[in-house]
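Engineer: This structure is in structure tokens; I'll ask about it shortly.
The values are calculated or read from the model by the stated rules, or taken from the named source; none is laboratory data. Not measured: the values here are computed from a predicted model. Quick reminder, even Gly has a Cβ in these numbers, built from the backbone with ideal geometry, and neighbours come from all protein chains shown. Just the protein is used for accessible areas: all its heavy atoms, side chains included, with ligands, DNA and RNA removed. Shrake-Rupley method; radii C 1.70, N 1.55, O 1.52, S 1.80 Å.
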Amino acid sequence: MRAVVGLRRWRHNPLRRRTDLVEAWVALGALVLMFLAVPVIGWISGTATDDAFRRTIRAQHEDRHRTQARVVGLTTAPARVMYDPETSAERETGRPVIAKWTAPDGSRHTETVRSAPATVRAGDTFPVWTDRAGHLTKRPTDLTTARTHAVLAGIGAAAFAAGLVEAARRLVVRGLYQRRYTRLDLAWAQAGPDWGRTGAGS
């Protein structure tokens, strides 16, 4: 940051080395990229992710259907706690039951549903999600979850871009430091043999 602030002053400083000016311009370029390019990259990535999720959600709603299943038998398995990463609900209690339902194509199905509400009894109905053939599937992803993933993707892309900019800046500065040390070693090798002698360099 000091290199950027002192860029104008260093341009006319007689003690300025060429590497100092290059380092200042590199720092200024990195700062501009941090404030302009990095947010744009994050926004583009978040928007692209949101569009992709919206297309996925539309496809899921076209292929998945919500229907009512009727409980025809209970199992002895205890109720359990489930986590569905595709929904905004963090936890959902459920129990395995034997249920029957009619698929969108008119076919009838009877099988074990492992995520029925814990309070259902024989004869009760509850909603399930199936594909067009009537096979059980997960509920479609909701828009809230899609937006959350899009925001996280945008933040992640912006952070990654910022890391790349900073890594590139550090790499260039490291090369400049090595060049300075090399020139200093050469200058010292030329001046070292005469160091401390009276009239050296005269």
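Engineer: Hey, if we sort ILE44, ILE57 by accessible area with the 1.4 Å probe, largest down, what's the order? Intermediate results must be reported in sequence, preceding the final value.
Structural biologist: Working: ILE44 95, ILE57 15 Å².
Of ILE44, ILE57, the descending order of accessible area is ILE44, ILE57.
Engineer: Net charge near ALA146, counting Lys/Arg +1 and Asp/Glu -1 over other residues with Cβ under 9 Å of its Cβ?
Structural biologist: Here the charged neighbours net out to 0.
Engineer: Using label points projected 7 Å from each Cα along Cα→Cβ, tell me how many nm separate ASP142 and THR67, to one decimal.
Structural biologist: 2.4
Engineer: Shifting gears a bit: On a 1.4 Å probe surface of the protein chains, which of ILE98, ILE155 comes out largest in accessible area, and what is the full order?
Structural biologist: So, going from the largest accessible area down, we get ILE155, ILE98.
Engineer: Around TRP101, under 15 Å between beta carbons, what's the net of Lys plus Arg minus Asp minus Glu among the other residues?
Structural biologist: Summing Lys and Arg as +1 and Asp and Glu as -1 gives +4.
Engineer: Further, regarding this structure: Of all the accessible heavy-atom surface of region 94-178, with the other protein chains kept in place and a 1.4 Å probe, what percent is carbon and sulfur?
Structural biologist: 58
Engineer: With each label point set 7 Å from Cα along the Cα-Cβ vector, what nm distance links ARG55 and ARG179?
Structural biologist: Inter-label distance under the simple model: 4.5 nm.
Engineer: Another question, then. Pop a pseudo-label 7 angstrom from the Cα along the beta-carbon direction at both GLU166 and LEU74 and give the gap in nm to one decimal.
Structural biologist: 5.8
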